[in-house]
Amino acid sequence: MDVKREKPIKNSIRKIYVYAGIVVLCFVSVFIRIELVQRDRNKAIVSFVSEWERNGKPVTVEKVMPKDVPVFTKLSVRGGRDTRAAGFVTGDIKDNLKEGQEIFCTGKNQSCGRILTIGRELDADTGMFPVEIELNDVLGAGELAVVFVHTSTLADALVVPNEIFDFSEGAYYLWKVENSKAKKIQVKIISRNGYGSVIGEGINPGDVIVFDGRSILSENDKVRIVSDALSRRIETEGGHL
């Protein structure tokens, strides 16, 4: 009886050793895999660094030139009878509007109506001037809509997209390329709206500004231009206030 009982015990011990060996092999395989992946990653990082040292860090740039930029003002209106709608504007905006002037709904490329009348007296409830417009399509009575009207043009403006700035300690910065080196420059923004940011100080016409690749740059880094003004243009069809 003792011999018979001893055999199952030995078999159980063997199974435990086998399972333990499998578990150990699994852990070893995982650790080896992690080590191999880490080595590959380190090789890739070293490869990138070596390439940047030889050829420069890759960036996309644009040569910024002055251009006239139309500015559109947003106007909230409420539907009235038929295709007419009404809203209110401040005095400074009123002075830039004309009866019969086109209004735009989206894209600011295609007119969607015109200004009918511009009030000369302040509205007692709003403290603003009433404006009535006529839309190409019917707007339901009481329904709200947003339209845009061209109120001014920024002449010979240096405009860059809003998203290419670095912001630090209350100041705005751009990256400029000079002699194949990256330079971080502080700029002064005159206005910042849907058309981008108008720069008043810090850059000059013809400066080459970095659009993409800013996050990997440090002062005086050697750069390699992978795209320029021939393949990329600043979108400045018009913004709104």
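Some observations on this one:
- Just one of the listed residues (90, 106) is modelled with pLDDT of 90 or more, under 33 Å from the mean Cα position of the chain (by Cα) and surrounded by fewer than 14 Cβ atoms within 10 Å (Cβ to Cβ), and it is 90.
- Filtering segment 159-188 to residues that are within 18 Å of the chain's Cα centre (by Cα) and outside any strand (DSSP E or B) leaves 161, 162, 163, 164, 165.
- Subset of segment 109-121 (residues that are under 14 Å from residue 72 (Cα atoms) and in a loop (DSSP other than H, G, I, E, B)): 109, 110
- Some residue of segment 86-108 being outside any strand (DSSP E or B), in contact with an Asp or Glu (Cβ under 9 Å, 6 or more places away or on another chain) and not hydrophobic (A, V, I, L, M, F, W, C): yes
- Here segment 180-202 is the region considered, the condition is being modelled with pLDDT under 95 and of a type in the set (S, T, N, Q), and the residue that is farthest from residue 151 (Cα to Cα) is 180.
- Considering (1) over 20 Å from residue 63 (Cα atoms); (2) touching a residue at least 40 places away in the same chain (Cβ under 8 Å), the lone condition that residue 154 does not fulfil carries the number (1).
- Enumeration of residues in segment 194-213 that are buried (at least 18 other Cβ atoms within 10 Å of the Cβ) and not in a loop (DSSP other than H, G, I, E, B): 196, 197, 198, 199, 208, 209, 210, 211
- Residue match in segment 204-218 (condition: out of contact with any Asp or Glu (no Cβ under 9 Å at 6 or more places or on another chain) and within 14 Å of residue 64 (Cα to Cα)): yes
The values are calculated or read from the model by the stated rules, or taken from the named source; none is laboratory data. Predicted model only: the values in this text are computed from it and were never measured. Counting neighbours? That spans all protein chains shown, and the Cβs are built from the backbone with ideal geometry, glycine included.
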